[in-house]
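The values are calculated or read from the model by the stated rules, or taken from the named source; none is laboratory data. What you see is a predicted model, and the numbers here were worked out from it, not measured in a lab. Positions of Cβ are generated from backbone atoms using ideal geometry, with glycine treated the same way; all protein chains shown enter the neighbour counts.
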Amino acid sequence: MPEEPCQCSDCQRFYKEHDRLIREFPTFNQQQELNWTSIQSFRTLCSKVTSELQRQLSERESNEDINISPEEKHISDIEITEALDELESVNAYLYSIEALMERIFDTKISKNIESKFKEIANELAPDPLNVDRLILNRLFHQTPDFPDKNNIT
C-alpha cells in the first residue's frame, strides 16, 4: 500500500514547485541548464553575503562602526562569525556540486530521447489548470468555486 504524501505546508510547497519545474523545463537539456543556473545563482548570492559580512566584521574590529547602518548593527559579531563559518562550508559544497554538474553537461542525448523526457514530464506533472483536470477535481472534491456537488448534471 503506497504511503500518502506529506500534507504539511512545506511539503505541499515543495511538491508544487517540483511539478512546476518539471512542467516548465521538461527536457534533459533544460534541466541541465536550470540546475546549473540555480547552483550559480546560489553561489553568487552566498559569496556576496559572505563578502558583506566579512566587510562588516572587519569594520567593527577596526572600530569604524560609525559607518555601519542601523540595519547592520542589530547583527552581533558572534552571529556574523558563525554565519561566515557556515557560509564558507556552503560555498565549498556548491563548488563540489558545480564540479559534478560539469560531468552532467558532458552528457548529450538525441531529440527522440528529449521527446521522451517531455512525454514523461507531462505524466509526472500534468498542468493543474488543464480544463479536464479541473473538471475531474470538481467532480471529486467540493471547492469554493463549485460548492454544491448536487448541481452537477
Would you be able to say whether some residue in the stretch 43-58 is surrounded by 11 or more Cβ atoms within 10 Å (Cβ to Cβ), basic (Lys, Arg) and either farther than 21 Å from Phe14 by Cβ or at pLDDT 95 or above (or both)? yes
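Looking at Leu84, Leu94 in this structure, which one is among the aliphatic types (A, V, I, L, M), within 28 Å of Leu124 (Cβ to Cβ) and modelled with pLDDT of 90 or more?
Going through Leu84, Leu94 in turn, the sole match is Leu94.
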Mind checking whether some residue in the stretch 111-125 is modelled with pLDDT under 90, of a type in the set (Phe, Trp, Tyr), within 23 Å of Gln30 (Cα to Cα) and surrounded by 12 or more Cβ atoms within 10 Å (Cβ to Cβ)? no
Checking Asn150 against (1) at pLDDT 85 or above; (2) of a type in the set (S, T, N, Q); (3) loosely packed, with under 11 Cβ neighbours inside 10 Å: exactly one of these is not met. Which one? (1)
Would you check if there is a residue in the stretch 64-80 being within 30 Å of Pro126 (Cα to Cα), among the basic types (Lys, Arg) and at pLDDT below 90? no
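Conditions tested, residue by residue: (1) at pLDDT 90 or above; (2) in a loop (DSSP other than H, G, I, E, B); (3) not charged (D, E, K, R).
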{"position": "Gln7", "(1), (2), (3)": "no, yes, yes"}
{"position": "Gln12", "(1), (2), (3)": "no, no, yes"}
{"position": "Tyr15", "(1), (2), (3)": "no, no, yes"}
{"position": "Leu21", "(1), (2), (3)": "yes, no, yes"}
{"position": "Asn29", "(1), (2), (3)": "yes, no, yes"}
{"position": "Thr37", "(1), (2), (3)": "yes, no, yes"}
{"position": "Ser41", "(1), (2), (3)": "yes, no, yes"}
